[in-house]
Amino acid sequence: MSRSIRQTLTLWYIGILAAILLLFGGAVYVRVVTGMAREVDKTLALQVDHVAGTLFAFREAEESATSSAGGNWQHAPSDTLFGAVGRGQLPDLVSRWARKTDNLRTDRALRVVDDGGRALVASENFAQLQLPLTKTAVARALKKHTFYETFRRSGQRIRVVTRPVVEYGRVLYLVQAAASLKEVDASAIRFLCFLLLLIPLTLVLARSVGWFLATTALEPVAVMVARTQQISSQRLEERVPVPGTGDELDQLATTFNEMLTRLERDFRRLRQFSAAASHELRTPLTVIRGELEVTLRRPRTPEEYQRTLRTQLKKSDELSAIVEELLLLAHHEATDGVVEWRPLDLSAVAQEVTGLWRGVAKTASVRLEVPAQKPLWVMGEQRLLERLAANLLDNAIRHTPPHGKVTMTSDCEEQMARLRIHDTGPGIPPEELPQLFDRFFRRSSGSDGAHSTGLGLGLCRWIVEIHHGRLEVASTPGAGATFTAWFPLIQSPN
């Protein structure tokens with residue numbers, strides 16, 4: 001089954017939160033348990049230090065009691081605990097200390113061990129635990145290291161510390177203290193249960209919050225989906241509502257609407273293109289078919305057949321021109337937006353195109369003049385600018401009577417390059433000027449009787465517009481027409 005974005009976001013939210021809670025809970029659990037164990041170790045260390053301190057004080061008190069009254073007595077090393085250990089008096093000293101003090105009559109588990117690993121005295125609680133004196137503990141203590149170890153007795157863990165008592169660089173004896181970790185383990189279990197209960201409850205709550213947030217965040221998407229489902233090729237004027245939140249959803253809706261605008265424009269253009277193309281192609285085909293049917297109704301003279309064939313050839317040429325213009329226009333619109341821009345000299349393009357059309361002008365008995373001009377640099381594509389100049393020249397030559405003149409000039413004005421084509425034809429009626437650049441709009445016949453396909457000037461306007469320019473026409477009936485294409489000037493690349 002497919003999974004919605006809302007479910008995916010919620011699952012990701014829960015998964016990430018679960019990972020964070022597990023890591024955080026695990027870190028806190030380890031920190032708490034470690035902290036409690038460290039406190040136990042500190043308590044045990046204080047207990048063994050207390051035993052060592054009281055044993056030293058007991059030895060000092062005994063020596064002070066046996067010293068001379070009123071003297072300024074200072075004991076030598078041989079008179080201290082160090083000396084007593086050296087003389088083998090440690091067991092007796094420890095026994096007297098345990099008997100005469102209350103240090104071992106306590107609920108604490110304590111034990112005193114000599115440097116040979118033999119237990120000297122132990123509290124009742126320590127004896128009940130029956131803890132062994134490990135070789136590792138003795139070895140580490142003799143190396144003057146405090147050693148901690150853990151035993152398990154009667155289903156509970158026992159923590160034991162073994163600390164050496166050192167004087168004059170020698171280990172005199174070892175003191176051990178033990179404590180049950182039952183409360184620590186119980187607290188750790190309670191804390192773990194708390195975490196195991198809290199994390200699932202938090203995830204359940206987070207799922208509800210995540211689902212609500214995802215639903216709220218994606219509500220505009222649901223609206224867009226519902227509106228998009230209503231859009232078809234017949235309803236391209238519909239638009240997706242923009243949430244107005246200023247986030248990525250706004251950008252998505254705006255981008256989608258821009259796409260719909262382009263599609264609507266292209267679909268409208270396609271419909272217009274198809275309708276106009278079918279009309280323009282049907283007209284010459286109908287004429288050809290009609291004339292052929294009339295010609296074949298009865299026998300004709302060779303001259304009549306030749307006249308009919310010449311008419312059909314002329315219509316075929318017109319039909320070929322229409323098809324060529326349609327293909328060219330379709331190709332240019334298909335490549336809209338992928339023009340290969342580069343600096344071009346507009347004057348050089350005009351001179352080059354004029355060279356190709358001088359023969360056509362001469363055949364039509366039209367004088368073609370293109371004065372030399374200074375370079376005018378524009379940003380554009382050469383093939384399109386050549387097509388522009390060629391279409392404007394073709395239009396001017398076809399509508400100029402014999403012995404007329406067509407002039408092409410290029411100059412600049414106010415940071416704009418200007419390409420101007422003027423003819424001495426009959427001009428353009430004022431009522432035709434607003435529709436002149438519409439596709440499939442045909443001007444009146446030229447002096448030679450040729451008909452326009454109605455596509456050339458529309459293509460010219462498209463070329464000028466994608467070059468960020470404008471195309472203008474001015475005409476006075478009986479005084480010719482002037483077409484002017486404007487382009488933004490750029491700095492010379494040299």
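Since every read-out is calculated from the coordinates, none of them should be taken as a lab result. Since the structure is predicted, the reported quantities are computational estimates derived from the model, not experimental observations. Reconstructed Cβ throughout: ideal geometry from the backbone, glycine too, with neighbour counts over all protein chains shown.
Residues V94, V464, ranked from the fewest to the most other C-beta atoms within 10 Å, line up as V94, V464. Legend: ranking of residues T400, T43, T363 from fewest to most surrounding C-beta atoms inside 10 Å; resulting order T363, T43, T400.
What does the C-alpha gyration tensor say about the overall shape of the range 5-187? Classify as rounded when a/c is under 1.5, otherwise prolate if a/b is larger than b/c, or oblate. Prolate is the answer for the range 5-187, as a/c is 1.5 or above and a/b outweighs b/c. Each residue in L356, L201, L172 was given a count of other beta-carbon atoms within 10 angstrom of its own, and listing them fewest first yields L201, L356, L172. Taking the average, over residues, of other Cβ atoms within 10 Å as the packing measure, peptides 349-355, 130-136 rank 349-355, 130-136 from highest down.
If the chain linking L46 and F151 were pulled fully straight, counting 0.36 nm for each residue of separation and taking away their Cα-Cα distance, it would gain 35.8 nm. Approximating the spin labels as points 7 Å out from Cα along Cα→Cβ, the Q89-to-A139 distance works out to 3.5 nm.
Over all other residues within a Cβ to Cβ distance under 12 Å of D49, the charged ones net out to +2, with Lys and Arg as +1 and Asp and Glu as -1.
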